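Data block below; observations after.
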Amino acid sequence: MSQVVWKIKSFEELSTKELYEILKVRQEVFVVEQTCYYLDADGSDKKAAHIWAEQNDQIIAYCRVFEPGIKYAEASIGRVLTHPSYRNLNLGKILVRIAIDTIEGRFRTTDIKISAQDYLLKFYSDFGFIATEHKYLEDDIPHTEMVRCSK
């Protein structure tokens with residue numbers, strides 16, 4: 001198996017092929033696997049930095065990050081996924097660590113807010129995220145807003 005390559009690009013830097021592969025894997029995980037029928041191409045990709053892991057020209061982990069003031073007052077991380085065939089390889093942990101480092105480096109802030117699926121609350125708490133009281137259903141999946149603030 002070939003090496004995993006990590007990439008970070010703005011929307012403008014994405015090739016057509018990269019954008020296609022990003023949208024494809026997001027649909028595979030969020031629309032097909034989780035049966036959430038929603039408009040994934042939500043207009044926010046143009047404002048995001050896109051972070052992903054590639055192996056053999058396939059995206060195996062992905063997320064997008066936003067500077068403060070776009071999704072929330074704080075910076076944010078969203079569309080976090082690991083391709084079903086590559087789970088249990090700790091790619092999600094590496095991905096979130098890179099996302100946090102990217103936010104801190106590019107946006108010069110440690111304040112981050114996310115919308116986490118409830119089954120991942122422990123996962124995100126390991127990175128310093130704290131659950132808020134804001135709990136809600138999104139596409140029939142329980143979510144909780146979580147924040148990570150400067151120490």
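Remarks
- When each of Thr144, Thr109 is tested for being polar (S, T, N, Q) and either assigned to a strand (DSSP E or B) or out of contact with any helix residue (DSSP H, G or I) (no Cβ under 8 Å at 6 or more places or on another chain) (or both), the lone residue that passes is Thr144.
- Residues that are of a type in the set (D, E, K, R), within 20 Å of Val65 (Cα to Cα), free of Cβ contacts under 8 Å to residues at least 40 places away in the same chain and out of contact with any Ser or Thr (no Cβ under 8 Å at 6 or more places or on another chain) within segment 82-140 comprise Lys93, Arg97, Asp101, Arg108, Asp126, listed in sequence order.
- Applying the criterion of being in a loop (DSSP other than H, G, I, E, B) and in contact with a strand residue (DSSP E or B) (Cβ under 9 Å, 6 or more places away or on another chain) to the residues of segment 33-60, the residue that is surrounded by the fewest Cβ atoms within 10 Å (Cβ to Cβ) is Tyr38.
- Cβ separations smaller than 8 Å between residues 6+ apart or across chains give the following pairs from segment 23-47 residues that are within 23 Å of Gln58 (Cβ to Cβ) and touching a residue at least 60 places away in the same chain (Cβ under 8 Å) to residues that are loosely packed, with under 15 Cβ neighbours inside 10 Å and hydrophobic (A, V, I, L, M, F, W, C): Gln34/Ile141; Cys36/Ile141.
- Scan of segment 20-56 for residues that are over 19 Å from Arg87 (Cβ atoms) and touching a helix residue (DSSP H, G or I) at 6+ places or on another chain (Cβ under 8 Å), ordered by number: Tyr37, Tyr38, Asp40, Ala41, Asp45, Lys46, Lys47, Ala48, Ala49, His50
Values quoted throughout were computed directly from the atomic coordinates according to the rules given, and no laboratory measurement underlies them. Nothing here was measured: the structure is a model prediction, and the numbers come from that model. A quick note on method: Cβ atoms are made from the backbone with ideal geometry, for glycine too, and the neighbour counts reach across all protein chains shown.
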